[in-house]
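Since the structure comes first, as structure tokens, the remarks are kept for the end.
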Amino acid sequence: MKTILLSPLQLRGLELKNRIVVSPMCQYSAEDGFANDWHFVHYGSRAVGGAGLIIAEATAVSPEGRISPYDLGMWKNEHVEKWKQINHFIHQQGSLSGIQLAHAGRKASTGCLWREGDVYLFPDKGGWQPLAPSSIPFESGAPVPLEMDVELIEWVVEEFRKSAQRSNEAGFDVVEIHAAHGYLLHQFLSPITNKRTDKYGGSFDNRVRFLLEVVDAVRQVWPVSKPLFVRISATDWAEGGWDEAQSVKLAMLLKNRGVDLMDISSGGLLPDAKVQIGYGYQVPFAARIRQEADMKTGAVGLITKAEQAETILTNGLADIILVAREFLRDPYFPLHAASQLKDEIAWPVQYERAKPH
Ligand code: FNR
């Protein structure tokens with residue numbers, strides 16, 4: 001049976017060989033922002049496993065934009081080299097490679113679960129003061145962020161631009177701007193975390209301004225032939241916060257600014273949000289934005305089965321399926337999905353003899 005899940009998707013000058021995408025997942029395994037052999041094997045394995053596109057984890061555009069000291073970075077030219085090798089290998093397997101460019105904002109400067117534990121790192125322990133639209137900490141006990149002035153906002157826009165330029169040199173096919181999960185760009189979008197009274201706060205137009213400036217800066221240097229994605233949280237799951245209606249409005253703006261697809265997640269802004277989790281729980285957000293804004297969308301969140309993924313696509317609820325934790329359990333998810341759906345997929349020639357018939 002020919003499925004939509006395993007059929008190609010054309011985005012600008014590039015073709016995803018199928019619609020299964022590795023969702024960005026922090027590995028907390030970098031030093032000074034550099035990718036290393038962990039990243040080579042981790043991302044390389046998922047290319048061997050047949051993913052159409054692999055989006056590398058949140059990669060900081062500046063050192064203070066890291067969630068932890070172990071995040072990947074793209075803030076200096078030296079970061080490019082290792083990615084050339086990784087991307088070359090991914091391309092050899094017929095997969096495309098994406099990078100998620102990120103700034104953690106007030107959620108920066110935390111420890112790593114298996115090193116320092118789930119703690120905030122203050123400057124005396126190797127941490128730094130985070131940046132934010134307003135000087136409101138994430139929760140009690142979290143560092144108080146520095147409220148960014150306009151100069152600093154313009155500086156961060158430049159950091160996104162330069163990181164996108166380096167990502168191109170590194171051979172990435174897709175840039176995804178991380179505007180979800182309560183990180184810096186999301187903090188500007190939401191009225192809960194953005195209490196500014198200047199042109200970056202208050203009205204919807206003002207709150208989206210920073211993201212639009214980042215998108216414009218990235219699009220200027222990101223080749224016309226290469227797709228640009230934006231990940232958002234479609235809702236804060238909180239009264240008075242960012243919501244679905246604003247997400248639709250944002251999608252309409254992004255469509256006219258060269259964004260090709262929105263990757264639709266939710267939450268992350270507040271520690272105590274009441275999230276209604278279940279299989280495919282974020283799919284309705286992707287469906288609504290796709291329909292009302294006529295924007296291509298990616299569905300993510302507890303999509304773990306091939307049939308479930310195929311149903312989302314056949315019902316026209318999204319254009320691609322992003323899979324995170326299932327890809328950690330099974331790097332060969334696309335190869336297995338093909339046999340479960342009785343569709344064809346090319347196995348790596350080295351593994352041909354193990355292919356189920
Ligand atoms: C994540 N997630 C995530 N999201 C993101 O936008 N950037 C990131 O760097 C990370 N990092 C990350 C690390 C790990 C270990 C996990 C498990 C998750 C969220 C992820 O991309 C995805 O949106 C959620 O995990 C929901 O999808 P699944 O896991 O239900 O398929």
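The values are calculated or read from the model by the stated rules, or taken from the named source; none is laboratory data. On a predicted model such as this, the values are computed, not experimentally measured, just so you know. Glycine also receives a Cβ, built like all others from the backbone with ideal geometry; neighbour counts cover every protein chain displayed. The protein model used for the area step is the full one, side chains on, heavy atoms only, and it has no ligands, DNA or RNA in it. Shrake-Rupley method; radii C 1.70, N 1.55, O 1.52, S 1.80 Å.
For segment 1-107, the strands (runs of 3 or more DSSP E) that sit wholly inside it and include 1 or more residues that are farther than 27 Å from LEU335 by Cβ and aliphatic (A, V, I, L, M) are 53-60, 96-102.
Of all the listed residues (ALA309, ALA273), the sole one being open to solvent by 10 Å² or more (accessible area, probe 1.4 Å) and of a type in the set (A, V, I, L, M) is ALA273. Selection of segment 16-43 for residues being without any contact (Cβ under 8 Å) to a residue 40 or more places away in the chain and among the charged types (D, E, K, R) yields GLU31, ASP37.
Taking the conditions (1) out of contact with any Ser or Thr (no Cβ under 8 Å at 6 or more places or on another chain); (2) closer than 21 Å to LYS17 by Cα in turn, GLU310 satisfies each one other than (1). Candidates SER167, SER247: the one that is of a type outside the set (A, V, I, L, M, F, W, C), touching a helix residue (DSSP H, G or I) at 6+ places or on another chain (Cβ under 7 Å) and at negative phi is SER247.
Matching residues to (1) of a type in the set (A, V, I, L, M, F, W, C); (2) farther than 30 Å from ARG209 by Cβ; (3) within 16 Å of the ligand (Cβ to nearest atom):
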{"residue": "ARG288", "(1), (2), (3)": "no, no, no"}
{"residue": "GLU292", "(1), (2), (3)": "no, no, no"}
{"residue": "LEU302", "(1), (2), (3)": "yes, yes, yes"}
{"residue": "ASP319", "(1), (2), (3)": "no, no, no"}
{"residue": "ALA346", "(1), (2), (3)": "yes, yes, no"}
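Here LEU96 meets the list (1) open to solvent by 10 Å² or more (accessible area, probe 1.4 Å); (2) out of contact with any helix residue (DSSP H, G or I) (no Cβ under 8 Å at 6 or more places or on another chain); (3) closer than 26 Å to TYR183 by Cα almost entirely, failing just condition (2). Tell me which residues, restricted to segment 40-95, are touching a strand residue (DSSP E or B) at 6+ places or on another chain (Cβ under 6 Å) and of a type in the set (Phe, Trp, Tyr). Once the filter is applied, which keeps residues that are touching a strand residue (DSSP E or B) at 6+ places or on another chain (Cβ under 6 Å) and of a type in the set (Phe, Trp, Tyr), segment 40-95 yields only TYR43.
Only a single item in (1) touching a Gly at 6+ places or on another chain (Cβ under 8 Å); (2) crowded, with 18+ Cβ neighbours inside 10 Å is not met by LYS195, and it is number (2). Against the test of being hydroxyl-bearing (Ser, Thr, Tyr) and more than 16 Å from the ligand (Cβ to nearest atom), the options SER29, SER7, SER23, SER45 yield a single qualifying residue, SER7. Contact annotation: residue pairs with Cβ atoms under 8 Å, 6 or more positions apart or on different chains, pairing a residue in segment 300-315 that is under 16 Å from GLN340 (Cα atoms) and hydroxyl-bearing (Ser, Thr, Tyr) with a partner that is open to solvent by 70 Å² or more (accessible area, probe 1.4 Å) and more than 7 Å from the ligand (Cβ to nearest atom), are THR304/TYR279. Taken over segment 52-85, the criterion of being farther than 23 Å from HIS181 by Cα and more than 16 Å from the chain's Cα centre (by Cα) is satisfied by LYS76, ASN77, GLU78, HIS79, VAL80, GLU81, LYS82, TRP83, LYS84, GLN85. Among the residues of segment 6-22, those that are over 15 Å from SER95 (Cβ atoms) and not charged (D, E, K, R) comprise SER7, GLN10, GLY13. Among the residues of segment 168-178, those that are surrounded by 24 or more Cβ atoms within 10 Å (Cβ to Cβ) and touching a Ser or Thr at 6+ places or on another chain (Cβ under 8 Å) comprise PHE172, ASP173, VAL174, VAL175.
Restricting attention to segment 135-153, and to residues there that are open to solvent by less than 40 Å² (accessible area, probe 1.4 Å) and of a type in the set (A, V, I, L, M, F, W, C), which single residue is nearest to ASP272 (Cα to Cα)? Looking at residues that are open to solvent by less than 40 Å² (accessible area, probe 1.4 Å) and of a type in the set (A, V, I, L, M, F, W, C), I get PHE138. Filter segment 203-248 for residues that are within 16 Å of the ligand (Cβ to nearest atom), among the aromatic types (Phe, Trp, Tyr) and either open to solvent by less than 30 Å² (accessible area, probe 1.4 Å) or in contact (Cβ under 8 Å) with a residue 60 or more places away in the chain (or both) and give the result. Result: PHE229, TRP242.
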